[in-house]
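Here's the structure we're looking at; comments come further down.
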Amino acid sequence: MLIPIERLVDGLVQTLLEQVLPDVGSRYARGQLYAVVDVLRNLRDRIDERPALLEAEALSAESALLTAASTLRGGPGAEAAARIEAALAAAPASPLVERLVALRGAVVLALHAIDDLPPEIAAAAHTALGTHLGTQALREVTLLKPSLLAEISGG
């Protein structure tokens, strides 16, 4: 029988808090124990790949790259648009993890490609890429559990 990784981590956290913590005497050791529990709780939802989260990031990155490239076509942004489109076209369709790695690289390339453009030309591309990155940051933050900093510092 296979135990889901989430249940295993939950069991570790529960054992540490209910069985080990009551027998830990020093304030320093309790703080260290809470730090381990904090890491385990936040690691729990990041150990196993979540296809839905990966897919959401991939779709968002692809959309941002397409928007950035389309806003740069023609004029001084044409070369940057071509570089972005080439990076997007080079991203494999599958497996999802490899596609996402390529799309992340394409976002970095896009940011570098528009870095030297005048602000008025790059503004829409910056907005598209920034919106993607902001949304992705929020996706990542929602996975975090409330901090145990008070418990860690108080021991």
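The values are calculated or read from the model by the stated rules, or taken from the named source; none is laboratory data. Computed from a prediction, not measured in an experiment: that's the story for all the values here. Cβ: placed from backbone, ideal geometry, glycine included. Neighbour counts: every protein chain shown.
Values computed for the structure shown
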item	result
Boolean, Arg83 is among the charged types (D, E, K, R), surrounded by 14 or more Cβ atoms within 10 Å (Cβ to Cβ) and within 17 Å of the chain's Cα centre (by Cα)	no
Filtered residues of segment 28-76 (kept if within 22 Å of Thr131 (Cβ to Cβ), of a type in the set (D, E, K, R) and assigned to a helix (DSSP H, G or I))	Glu55, Glu57, Glu62
Any hit, segment 4-22, residues being crowded, with 16+ Cβ neighbours inside 10 Å and part of a loop (DSSP other than H, G, I, E, B)	no
One residue from Ala110, Ala137, Ala106 being within 19 Å of the chain's Cα centre (by Cα), more than 18 Å from Ala68 (Cα to Cα) and either among the β-branched types (Val, Ile, Thr) or assigned by TED's automatic domain parsing to the domain that holds Ala56 (or both)	Ala137
Matching residues, segment 33-59, being more than 30 Å from Ala106 (Cα to Cα) and without any contact (Cβ under 8 Å) to a residue 12 or more places away in the chain	Val39
Flag if Asp38 is touching a helix residue (DSSP H, G or I) at 6+ places or on another chain (Cβ under 8 Å) and more than 22 Å from Gln136 (Cβ to Cβ)	yes
Odd one out for Glu57, checked against (1) among the acidic types (Asp, Glu); (2) touching a Lys or Arg at 6+ places or on another chain (Cβ under 8 Å); (3) surrounded by fewer than 17 Cβ atoms within 10 Å (Cβ to Cβ)	(3)
Residues within segment 86-125 that are in contact (Cβ under 8 Å) with a residue 40 or more places away in the chain and either in a loop (DSSP other than H, G, I, E, B) or out of contact with any Ser or Thr (no Cβ under 7 Å at 6 or more places or on another chain) (or both), tallied	14
Residues that are surrounded by 11 or more Cβ atoms within 10 Å (Cβ to Cβ) and of a type in the set (A, V, I, L, M), drawn from segment 133-155	Leu133, Leu143, Leu144, Leu148, Leu149, Ile152
Matching residues, segment 95-132, being surrounded by fewer than 16 Cβ atoms within 10 Å (Cβ to Cβ) and among the basic types (Lys, Arg)	Arg104
